[in-house]
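Only one structure is covered here, and it is reproduced in the block below.
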Amino acid sequence: MDRITNPFAPGAGTPPPELAGRDELLESVRVATARVRLGLPTKSVLMVGLRGVGKTVLLDRMRDEAEASSFHTMRIEAPEGRSLPALLAPELRVALLKLSQIEPAKDLAVRALKGLAGFAKALKIKYGDIEVGLDYQPEPGLADNGDLEHDLQALLEAAGQAAKKAETAILIFIDELQYVEESQLASLITSLHRTAQRKLPVALIGAGLPQLRGRMGKAKSYAERLFDFPQIGPLAAPAASVAIEKPIDEQGVGIEADALKLIVQRTHGYPYFLQEWGKHAWDAAEKSPITSDDVNKATTIAIAALDESFFRVRFDRLTPAEKRYLRAMAELGPGPHRSGDIADELNRTVTSLGPIRNQLISKGMIWSPNHGDTAFTVPLFDEFMQRIMPGNDWKE
Ligand SMILES: Nc1ncnc2c1ncn2[C@@H]1O[C@H](COP(=O)(O)OP(=O)(O)OP(=O)(O)O)[C@@H](O)[C@H]1O
Ligand SMILES: [Mg+2]
């Protein structure tokens, strides 16, 4: 088929031509945010799932919808190694400046901006990466203690009061939340707890790898009660079929039932893989409808393309010892695996491998579904590891 009109969109955070199978979740977030605006008790939402299941795309869709419904939103991606206050401050400034344009909320928004000035000045000593334009002088005693937990509470409370007066809500969208350091995560949780207690319209909509849930609980034991943790996973077969068939159909092209089934099987319904297979099946087909033969041709190319992009970017960030650890895991299959079994593969003790395992967890490559268990955060990573490190050389 014509490559120019190929509708599929494999890529990190690239919106798919059809966001399949997520209507229920989108609706529940619509309800939750509407309740926040009214000051009704609501849990913040933290979406957790493996790499490439569509968390970022969902977060962006939710934000677009919220903006269209006149919510005030902030969008942050937590990269490794930047502090949360440094990420929050500039976004909060923009949100507050916008709120200060709304006449009834003006005074409270200006007060919150003064709070932000105090916040940035006081915390600059501890978090040197805070860079934010200051529009007002600080108000002494407002969010300027120099202690993140206290100051963030005061700041979000002030911001929430302004939002309430403007009859809107502040929604904080944070992607890759698992990278936020534990004490900073704890401060964020405490602050949201406070605004919830005060019935102020501030909520967090976050996304992260599966380890996020455990990290939240460790940071504050009551986090479980404050948040919903919807699991974002592969699409069930009917939704996966829609993800492929609908965009094809919209271009006036067809796909045979067997061919469609084959794509769903090969991808296990993982959204990133669906986009990759869809794209290559389209390119492989000479004419409509797309057939099983076309999909078989596409499979080889799709796997090669994934190896060079989706899998490769992760692999290239690993040290040789980390690669060996993951290769040993792959030898055992898709997982999860017992730490002892992985150690046996490497002829090492569990304790001696502890540091490597911890590095892999903090890089977001693996996580621990249960105590002593280790699982990949990237779907089908075991098969990739077997392809990229074939044979037994890795055994030393
Ligand atoms: N519901 C869906 N239906 C079809 N395709 C989807 C769906 N959700 C996401 N995709 C596609 O899957 C790919 C991955 O999406 P996205 O980057 O949002 O995943 P992610 O969970 O944020 O991954 P990561 O953890 O690596 O950041 C994109 O190409 C996107 O277009
Ligand atoms: Mg993402």
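Shown in residue order for region 115-131 are the 3J(HN,Hα) couplings computed by the Karplus curve 6.51 cos²θ - 1.76 cosθ + 1.60 at θ = phi - 60°: x, 5, 5, x, 4, 5, 5, 5, 8, 4, 5, 7, 10, x, 7, 6, 10 Hz (x for Gly and Pro). In the chain, the longest principal axis of the Cα atoms and the axis of helix 320-331 are about 60 degrees apart. Placing pseudo-labels 7 Å out from each Cα toward the beta carbon at N296 and Q231 gives an inter-label distance of 3.5 nm. Note on the chain: GNM, Cα springs under 10 Å; of V350, V264, V378, the largest mean-square fluctuation is that of V350. Annotation: per residue accessible area for the chain equals 45 Å², rounded to a whole number [probe 1.4 Å, protein chains only]. Partner lysines whose Cα lies under 27 Å from the Cα of K287, excluding those fewer than 8 positions away in the same chain, are identified as K246, K261, K279, K297. When you filter the trypsin sites (Lys or Arg not before Pro) in region 181-250 for DSSP loop state and at most 10 other Cβ atoms inside 10 Å of their Cβ, nothing is left. Distance between the modelled labels on E250 and E65, one decimal in nanometres: 1.7 nm (7 Å Cα→Cβ projection). Loop-located trypsin sites (Lys or Arg not before Pro) in region 124-190 (DSSP state not H, G, I, E or B) with no more than 15 neighbouring Cβ atoms inside 10 Å: K126.
Of all the accessible heavy-atom surface of region 269-396, with the other protein chains kept in place and a 1.4 Å probe, what percent is carbon and sulfur? Answer for region 269-396 is 51 percent, counting heavy atoms of protein chains only. The amide H of Q251, built 1.01 Å from its N in the peptide plane, has no neighbour under 5 Å, considering only residues 5 or more places off or on other chains. For region 297-305, the Karplus equation 6.51 cos²θ - 1.76 cosθ + 1.60, evaluated at θ = phi - 60°, returns couplings of 4, 5, 4, 4, 5, 4, 5, 4, 5 Hz by residue, with Gly and Pro reported as x. Residues whose amide H falls under 5 Å from that of T73, counting only those 5 or more places apart or on a different chain, are L171, with hydrogens built in the peptide plane. From the alpha carbon centroid of region 355-378 to that of region 249-273 is 32 Å.
Annotation: for a label point projected 7 angstrom from Cα along Cα→Cβ of L26, residues of region 228-268 with backbone N closer than 13 Å are 243. Considering the chain, its Cα convex hull presents a mean projected area of 21.2 nm².
Give me the Debye-computed log₁₀ of I(q)/I(0) at q = 0.14, 0.15, 0.19 Å⁻¹ for region 1-139, equal point scatterers on Cα only, no solvent, two decimals. Summing over Cα pairs of region 1-139 leads to -0.86, -0.95, -1.22. Listed by chain and number, the lysines placed with their C-alpha closer than 22 angstrom to that of K164 are K43, K98, K106, K114, K199; residues fewer than eight positions away on the same chain are left out. In order along region 274-282, phi translates into HN-Hα couplings of 4, 4, 5, 5, x, 4, 6, 5, 4 Hz, rounded to whole numbers, per the Karplus curve 6.51 cos²θ - 1.76 cosθ + 1.60 with θ = phi - 60° and x for Gly and Pro.
Where does the Debye-calculated log10 I(q)/I(0) of region 323-367 sit at q = 0.15, 0.25 Å⁻¹, using only Cα point scatterers of equal weight, no solvent? Here log10 of I(q) over I(0) equals -0.31, -0.90.
The values are calculated or read from the model by the stated rules, or taken from the named source; none is laboratory data. In this text, all values refer to a predicted model and were calculated from it rather than measured experimentally. With ideal geometry, Cβ positions are generated from the backbone for all residues, glycine too; neighbour counts draw on all protein chains shown. Note: areas computed on protein heavy atoms with side chains; ligands, DNA, RNA excluded. Shrake-Rupley method; radii C 1.70, N 1.55, O 1.52, S 1.80 Å.
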